[in-house]
Amino acid sequence: MRIPIYMDNHATTPVDARVLEAMLPYLTDKFGNAASRNHSFGWEAEAAVDEARGQIARLVNASPKEIIFTSGATESDNLAIKGVAEFYKDKGKHIITCVTEHRAVLDSCKVLERRGYEVTYLPVDRYGFVDPEQLREAITDSTVLISIMAANNEIGTIHPIKEIGRVAKERGVLFHCDATQGVGKVPVDVEEMGIDLLSMSAHKLYGPKGVGALYVRLKRPRVRLSPIIDGGGHENGMRSGTLNVPGVVGLGKACQIAGEELGQEAVRLTQLRERLKEGIMNRLSEVYVNGHPTQRLPGNMNISFAYVEGESLLMGLKEIALSSGSACTSASLEPSHVLRAIGVKEDLAHTSLRFGLGRFNTEEEVDYTVRRVAEEVSRLRKLSPLYAMAKAGSQKGQERELKAQSESA
Ligand SMILES: *Cc1c(COP(=O)(O)O)cnc(C)c1O
């Protein structure tokens, strides 16, 4: 087993060796610009891009023409939300999203609010689910877009996407899904789920960083977008800029592998996740799982360890790469907006760790992590006056109860 252990696969994933191998020729000999129409270098690059479009489309049951390449899911989210909002502004200026979305979605919506749009942020229940009925009630005649993620990047909750898609269709509202954590991990089918726009990112599914895609439905209905980047008119005019050919090839290969291995990988990761959870729960008291017990990403576990500061815990576990809250928010000391939204109390929200298991994690690494987490939590609790007080309190309570029992007996 190699130290340090990487267990932060929601932040990013390592590049699969097969993906790197597919990319390498496009960083060396096959360096052509996919937009060069006049020579074989360009044709070669274009053919590679076309193949990648096909591989990506197959994974989500789309058509290759519906795949627009971007620099990652942040850009895909921005393009979907701002692009639809701008194009359909005469139809209406209301957007519906949810409080636990990724910053890329929330911040795009915030910008639109400043530009005169109205945004409804749906609440979630204690597991992090949006309620399709509540969504239905929030739709008005001026709603032009619903943006709900497939799976949450902090607590792993998988939303009822098919039901959300059905509600959107019923009311003729476009449905954007940030499926960055879902694609390649759980089945995603844009037809079956009624998705009109879908964001994904290569580096969350064992591809390279800085490349992603936006699926944009072409038929029933044809979705229109105003571009947010102007230039040479690449990608049907929706996203100008010379394509990152090696990156695009990597995203395509990553999607092909995911399509072939998703089923067995999900089973393996679910087993590892349960092993991790049970190992920790068996060794420690006062630990709480955040999110749904089963309706979550196979590789996701999010746990609050009462009486232990998440940051201090991470400091003590330097040889294991984990995250407290989301990687995007751990720069600030605010508790995670997702944990807050599912009703985790402020003190417990500060004690949470996110475990992100991925393709290259092993049982041995999970067992080591369980042992080290248990050691560190116990060590920190011994130093915590709050924990000592709580334990003394509960001991007193138990003594009182025993006394009451023996007196009544
Ligand atoms: C990582 C992530 C993003 C951002 O993707 P980048 O490609 O890093 O810009 C957006 N949404 C979700 C749900 C993510 O997990």
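Under 1.5 on a/c is rounded, so check that first for region 123-195, then, if it is not, pick prolate when a/b is larger than b/c and oblate when it is not; a ≥ b ≥ c are the square roots of the alpha carbon gyration tensor eigenvalues. Oblate, because a/c is 1.5 or more while a/b does not exceed b/c. Once the Cα-Cα distance is subtracted from the 0.36 nm per residue extended length, the D141 to T294 segment shows a gain of 51.5 nm. To the nearest 10, the accessible area of K169 is 90 Å² with a 1.4 Å probe. Packing-based ranking of 34-43, 397-406 yields 34-43, 397-406, ordered from highest to lowest mean Cβ neighbour count within 10 Å.
Entry note, the chain: the mean residue ellipticity at 222 nm calculated from DSSP H runs of n ≥ 4, each adding -39500 (n - 2.57), is -13500 deg cm²/dmol after division by the residues and rounding to the nearest 500.
Projected onto its three principal axes, the C-alpha set of region 17-258 covers 55, 36, 30 Å, listed from the longest axis down. Amide H contacts of C98 (H built 1.01 Å from N, in plane; Pro and chain starts excluded): L122 sit under 5 Å, all sequence-distant by 5 or more or on other chains.
Using a 1.4 angstrom probe on heavy atoms only, work out the carbon and sulfur share of the accessible area of region 17-258 in %.
Numbers: 4890 of 9670 Å².
Of the solvent-accessible surface of region 17-258, carbon and sulfur hold 51 percent.
Remark: the E399-T28 segment gains 126.2 nm on full extension, using 0.36 nm per residue and subtracting the alpha carbon distance. Dipole size of the chain about its Cα centre, with +1 on Lys/Arg Cβ and -1 on Asp/Glu Cβ: approximately 220 debye, rounded to the nearest 20. Projected onto planes of every orientation and averaged, the convex hull of the alpha-carbon atoms in the chain covers 23.5 nm².
Can you tell me how much longer the chain between M315 and E260 gets when fully stretched, taken as 0.36 nm per residue apart minus their C-alpha distance, in nm with one decimal?
In short, 16.0 nm is gained.
Per-peptide packing, taken as the mean over residues of other Cβ atoms within 10 Å, places 223-233, 55-65 in the sequence 55-65, 223-233 from highest down.
The lysines whose alpha-carbon is closer than 22 Å to the alpha-carbon of K82, local same-chain residues fewer than 8 away aside, are K65, K91, K93, K110, K169, K219. What FRET efficiency comes out for the pair N38/D367, r = Cβ-Cβ distance, R0 = 60 Å, nearest 0.05? The pair N38/D367 has a calculated efficiency of 0.55.
Based on the mean of other beta carbon atoms within 10 Å per residue, what is the order of 189-201, 69-81, 11-23, most packed first?
69-81, 189-201, 11-23
Think of a 1.4 Å ball rolled over the protein heavy atoms: the chain then has 45 Å² of accessible area per residue.
For the chain, the antiparallel share of DSSP beta bridges with both residues in that region comes to about 55%.
The values are calculated or read from the model by the stated rules, or taken from the named source; none is laboratory data. Please read all numbers here as calculations on a predicted model, not as lab measurements. Cβ: placed from backbone, ideal geometry, glycine included. Neighbour counts: every protein chain shown. Surface areas here come from the heavy atoms of the whole protein model, side chains and all, with no ligands, DNA or RNA. Shrake-Rupley method; radii C 1.70, N 1.55, O 1.52, S 1.80 Å.
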